[in-house]
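S.K.: Once you've had a glance at the structure underneath, I'll fire off some questions.
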Amino acid sequence: MKNILKKSAILLSSLLYFNSFVFADTDSNKKDIVFIIVDDLNTWIGAMGGHPQTKTPNLDALATRGVLFTNAHCNAPQCGPSRKSFLTGLYPKSTGKYFNVAKKMPFFKDQPLKGATSKNPPKKPLDFHTHFMKNNYRVVSGGKVDHGSLKAKIDNKFDRPKEVKHFTDKRVNLWGEGGPQNIDDTMTGDYKTAQWAIKQWNTKSDKPLLMSVGFYRPHRPFNVPKEYFDKFPLESIQLPKVPEFDDLADLPEYGKALARSNAHKNLFKPRTVHEHILHLGGEDEWKYMVQSYLACINYVDTQIGLFLETLKNNPRGNDTVIILTSDHGWDLGEKEHWCKAALWRTTTRVPYIVVAPGLTQAGTVNQQPISHVDIYPTLCDFAGIAKPKHLEGQSILPLVKDSSAKREAAYLSYGPRNTAVQTERYRYISYEDGSGELYDHQKDPREWTNLSSNPEYAELKAKMIQKVKKFENN
């Protein structure tokens, strides 16, 4: 009798599993999902007003077609842990990955640099590619999506192409990297990624499609064809806005040390990256770096535009959902800091655009705090498939459906005991030594004034600290 019951249960389970596939194939409202991830792109896109000279016509046009989330953040401000979070739907405290390289800097004290610190981290969680494969999607992924090669077994993979180097001159930046190149777009990596993506998009299939496409620029090295540099004449470059006073003066010592570090590297000791740039050529060298970054942004916008144009026609007759974001922000001298690897708004804030036919209202701007850990459950909701139980993020579908819906906070980590909590208006950064920074983004969007020691904000600060402790200890 036990064997009969066991066989019956297996048969029922198999039928239910099979029926879920049949439903997915016959559903007239099937969605093709396109997830685009850009490397090292901060908010310097026209739609977000991050820099007055940026040229991003394709990203700006995409934003007008759907919802632009202006308070979106990575969960960890480095490539590896950030991508791990959106691929698995887990916070760094559950993936155990906080940094690209777990190297202890002098200001990092007793907190662990790797390993899960949450109470019940899931074992072997499925990444969203594998989950969609199990839900009868055709799954393809190309360019830089994972930090390295994507491990999931999927229908088609395309590794990030190698770069070609043919520089117009011998000038190099502080990292020894050349800039303008004597090549056309067809020889560049992101162009090749776009062409692969276009081909995969036009491949017909009875199954709905999940695509993840990773574009590499504006990640270093700042090498793109000369035509993109020419759009930003060096003499006209505007530097990032910084205060006339010392922006580090009101930071705790921990924050000052973080500002002077560069992703756990002391490349130009005793100078910081910013000090070395100024040492090499003063503001002219700083302008060259900004010019290079702007050129790379315009280049990658052009390559993404090639792909976005193709997405306007769906060869499978399905609705097309597009989510585009970046893996983290990037500093170019704000707080005398460069690159990523810090918990200020400029290093965690990212573009986040969602276009979903029948759900998103064109030209909507949403200021609720969301983060990358929300991507996985959102993809599932848009596809109409069940969400795995291990997910720690929340789908943003309610925010898309109701522009008045609210979110309490987003949580961002640079180590298990360095945590930023971002609400709709405020950010509190808590460091492992007990010090912190508090900013009012409504009054101070560039975070020039640390309110942590201001008695008028004592009650708010206490509430934010409680949020941090609750997050870190669960």
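Any read-out appearing in this document is the output of simple, stated calculations on the displayed coordinates, not a laboratory observation. Since the structure is predicted, the reported quantities are computational estimates derived from the model, not experimental observations. Backbone-built Cβ (ideal geometry, glycine too); neighbour counts: all protein chains shown.
S.K.: Given R₀ = 35 Å, FRET efficiency for Lys470-Leu267 by Cβ-Cβ distance, to 0.05? Show your work: numbers first, answer last.
M.R.: Working: r = 37 Å, r/R0 = 1.07.
Efficiency, from the Cβ-Cβ distance: 0.40.
S.K.: Angle check, please: helix 273-310 long axis (alpha carbons) against the longest principal axis of the chain (alpha carbons), in degrees 0 to 90, nearest 10.
M.R.: It is inclined by approximately 30 degrees.
S.K.: Can you put Glu447, Glu437 in order of Cβ neighbours within 10 angstrom, beginning with the fewest?
M.R.: Values: Glu447 20, Glu437 23.
By the 10 Å Cβ count, ascending: Glu447, Glu437.
S.K.: Let me ask you something else. How much length would be gained if the chain were fully extended between Glu408 and Glu235, taking 0.36 nm per residue of separation minus their Cα-Cα distance, in nm to one decimal? Mind dumping the intermediate values first?
M.R.: Working: separation 173, 0.36 × 173 = 62.28 nm, distance 4.40 nm.
That pair, Glu408 and Glu235, stretches by 57.9 nm at full extension.
S.K.: Could you put Asp184, Asp190, Asp381 in order, starting from the residue whose Cβ has the fewest other Cβ atoms within 10 Å? Don't jump to the answer; show the numbers that get you there.
M.R.: Numbers: Asp184 11, Asp190 29, Asp381 19.
Ranked by crowding around the Cβ, least crowded first: Asp184, Asp381, Asp190.
S.K.: Please arrange Ser85, Ser261 by how many other C-beta atoms lie within 10 Å of their C-beta, fewest to most. Write out the running numbers ahead of the final one.
M.R.: Numbers: Ser85 29, Ser261 21.
Going from least to most buried by this count: Ser261, Ser85.
S.K.: Quote the charge dipole size of region 27-408 about the Cα centre in Debye, to the nearest 20; the model charges only the Cβ of Lys and Arg (+1) and of Asp and Glu (-1). Each step should come with its number before you reach the end.
M.R.: Details: 52 positive and 41 negative charges, 355 e Å.
Computed about the Cα centre, the dipole is about 1700 debye.
S.K.: Here is a follow-up. Given the options Val321, Ala152, Ser435, identify the residue whose Cα lies farthest towards the positive end of the charge dipole of the chain (+1 on Cβ of Lys, Arg; -1 on Cβ of Asp, Glu).
M.R.: Going by the Cα projections, it comes out as Ala152.
S.K.: Express the relative contact order of the chain as a whole percentage, based on alpha carbon pairs under 8 Å and six or more residues apart in sequence.
M.R.: On the way: 953 pairs, mean separation 121.8, N = 474.
With pairs under 8 Å counted, the relative contact order is 26 percent.
S.K.: Given Ser141, Leu306, Ser261, which one lies farthest toward the positive end of the charge dipole of the chain, if we put +1 on the Cβ of every Lys and Arg and -1 on the Cβ of every Asp and Glu?
M.R.: It is Ser141.
S.K.: FRET efficiency for Val242 and Lys134, Cβ-Cβ distance as r, R0 = 60 Å, nearest 0.05? List each step's numbers first, then the result.
M.R.: Working: r = 49 Å, r/R0 = 0.82.
About 0.75, to the nearest 0.05.
S.K.: If you don't mind, there's one more thing I want to ask. Can you compute the helix-only [θ] at 222 nm over the chain? Use -39500 (n - 2.57) per DSSP H run of at least 4 residues, normalise by all residues, nearest 500 deg cm²/dmol. Spell out each step's value before the answer.
M.R.: Details: 13 runs with 153 residues, N = 474.
Mean residue ellipticity at 222 nm (helix-derived): -10000 deg cm²/dmol.
S.K.: Helix 189-201 versus the longest principal axis of the chain: what angle, 0 to 90°, nearest 10, using Cα atoms?
M.R.: 20
S.K.: Something else now. With Cα extents along the principal axes in Å in mind, check (i) 78, 54, 40; (ii) 70, 55, 47; (iii) 80, 49, 38 and report the label derived from this structure.
M.R.: It is the one labelled (i).
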